[in-house]
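> Shown below is the structure under consideration.
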Amino acid sequence: MPELIRELQAQGTGAPPSSGALTDLLYADERPARAELRRQIARLEAELGEIFTSAFPRAGISYDVAPAGGPRLLSIGELEQVRDRLLSRIADVNGILSDRGYVEDRNRELLERVIAEPQRYHWVRISNEDIGEPGCRHWHSRPRFGLIGMLMGWWRVKLSSGCPLAEGARRPGNS
């Protein structure tokens, strides 16, 4: 593009440039802009991938971005739309993860309080999923010795043993 400007200046005719020359100036070379947009899109896709891997055990978060259409060369405007959709998705996912992180922190604090003073938190149950960890384990505040413990104020936190063992195939006729 600078060469085209120098060429027009070198002509020095003083006459206004033709419409073809102006069109050439406007659409001279989109390659640097396209390369920059592709670089930004690649960086944003990598960032979205890092967010996905860092939040792996959590389920229910959509990381997909709407495609720009079939296989073809995208215009600068379409590349900008892809970039903007990626930015929007990253902001949405970061907001969801931030909210979940806040809730998980509150649940961890509650778990610490329940373990320290089970008699103040009757029948509270907190699972691994509530604190953002994988597994089936849960903590449950319950009375010691059933009804007698409940009447006497003897409470404890019982930790489950985790996920139940997988049962094999049963033979027909055995229940």
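> How many residues are under 30 Å from the mean Cα position of the chain (by Cα), in contact (Cβ under 8 Å) with a residue 40 or more places away in the chain and assigned to a helix (DSSP H, G or I) if we restrict to the stretch 94-149?
So the answer is 3.
> Among (1) of a type outside the set (D, E, K, R); (2) surrounded by 11 or more Cβ atoms within 10 Å (Cβ to Cβ); (3) assigned to a loop (DSSP other than H, G, I, E, B), which single condition is A66 missing?
Among (1) of a type outside the set (D, E, K, R); (2) surrounded by 11 or more Cβ atoms within 10 Å (Cβ to Cβ); (3) assigned to a loop (DSSP other than H, G, I, E, B), A66 violates only (2).
> Quickly run through the stretch 87-132 and pick out the residues that are surrounded by fewer than 15 Cβ atoms within 10 Å (Cβ to Cβ), among the charged types (D, E, K, R) and closer than 30 Å to R39 by Cβ.
Passing the criteria: only D92.
> A further question follows. Restricting attention to the stretch 40-76, and to residues there that are β-branched (V, I, T) and more than 9 Å from the chain's Cα centre (by Cα), which single residue is nearest to R100 (Cα to Cα)?
Per the stated criteria, the residue is V65.
For (1) out of contact with any Gly (no Cβ under 6 Å at 6 or more places or on another chain); (2) under 30 Å from E129 (Cα atoms); (3) at pLDDT 90 or above, each residue gets a yes or a no:
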site: R6; (1), (2), (3): yes, no, no
site: D24; (1), (2), (3): yes, no, no
site: R31; (1), (2), (3): yes, no, no
site: R39; (1), (2), (3): yes, no, yes
site: G69; (1), (2), (3): yes, no, no
site: L74; (1), (2), (3): yes, no, no
site: L79; (1), (2), (3): yes, no, yes
site: G95; (1), (2), (3): yes, yes, yes
site: R106; (1), (2), (3): yes, yes, yes
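The values are calculated or read from the model by the stated rules, or taken from the named source; none is laboratory data. In this text the structure is predicted, and so the values were computed from the model without any measurement. Neighbour counts run over all protein chains shown; Cβ positions are idealised from the backbone, glycine included.
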